[in-house]
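The values are calculated or read from the model by the stated rules, or taken from the named source; none is laboratory data. Only a predicted model underlies this, so the values are computations on that prediction, with no experimental measurement involved. As a convention, Cβ positions derive from the backbone with ideal geometry for all residues, glycine included, and neighbour counts pool all protein chains shown. SASA here: full protein model, heavy atoms, side chains in, ligands and nucleic acids out. Shrake-Rupley method; radii C 1.70, N 1.55, O 1.52, S 1.80 Å.
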Amino acid sequence: MTAPRKGITRQEAVRRVLQGMADDSLGYAALQALLEEQFQATLRHQSAQLTALADQVVAAVEPLDARRRQRVSLVTALFGPKGDMPQLFALLQDEARSQAQADWAALEQMVLECKRLNARNSELLTEQYSIMQRVLHGEEDTYAPG
């Protein structure tokens, strides 16, 4: 096992990964709330609110993705290209390892929930768009010969 990068110790790399996980927990909770607001605004056809929320969602996702990239980079630097989080957790003492594993599992569930909420919102927006297109332009086969 090697030091992650020149100037950063293994201990510092582990600390950064664990801090990033904690920050991500807060970030994904905020993202879940935004996605729920987006769903409600979609149901109410609040286009101005949807535009503002879309910007907020993008702003919420950017730091999450930056921390994900940093986490991958640090774990790869520690363990090579096949490095993974269980290897990182193995470096921790028993209690800290158990806590980190539980935090990671919770974070994975938050990610899955955000993906589910995003898909739900996307489906609703797509459905509403499709309905509006039919209302404005009619059904394609409305005047089809019999």
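In segment 128-142 there is at least one residue that is touching a helix residue (DSSP H, G or I) at 6+ places or on another chain (Cβ under 9 Å), modelled with pLDDT under 95, of a type outside the set (A, V, I, L, M) and not in a loop (DSSP other than H, G, I, E, B). Quick check on segment 94-104. Is at least one of its residues out of contact with any strand residue (DSSP E or B) (no Cβ under 7 Å at 6 or more places or on another chain), open to solvent by 70 Å² or more (accessible area, probe 1.4 Å) and either closer than 28 Å to Leu125 by Cβ or assigned to a loop (DSSP other than H, G, I, E, B) (or both)? There is no residue in segment 94-104 that is out of contact with any strand residue (DSSP E or B) (no Cβ under 7 Å at 6 or more places or on another chain), open to solvent by 70 Å² or more (accessible area, probe 1.4 Å) and either closer than 28 Å to Leu125 by Cβ or assigned to a loop (DSSP other than H, G, I, E, B) (or both). Against the list (1) in contact with a Ser or Thr (Cβ under 6 Å, 6 or more places away or on another chain); (2) more than 22 Å from Thr9 (Cβ to Cβ); (3) not basic (Lys, Arg), the condition Gly83 fails is (2).
Look at segment 64-80 and say how many of its residues are part of a helix (DSSP H, G or I), more than 9 Å from Ala13 (Cβ to Cβ) and not polar (S, T, N, Q). Residues in segment 64-80 being part of a helix (DSSP H, G or I), more than 9 Å from Ala13 (Cβ to Cβ) and not polar (S, T, N, Q): 9 in total. Considering only residues of segment 11-46 that are open to solvent by 40 Å² or more (accessible area, probe 1.4 Å) and acidic (Asp, Glu), which is farthest from Leu74 (Cα to Cα)? The selected residue is Glu37. From the list Leu112, Leu91, the lone residue that is of a type outside the set (Lys, Arg), part of a helix (DSSP H, G or I) and closer than 26 Å to Tyr28 by Cβ is Leu112.
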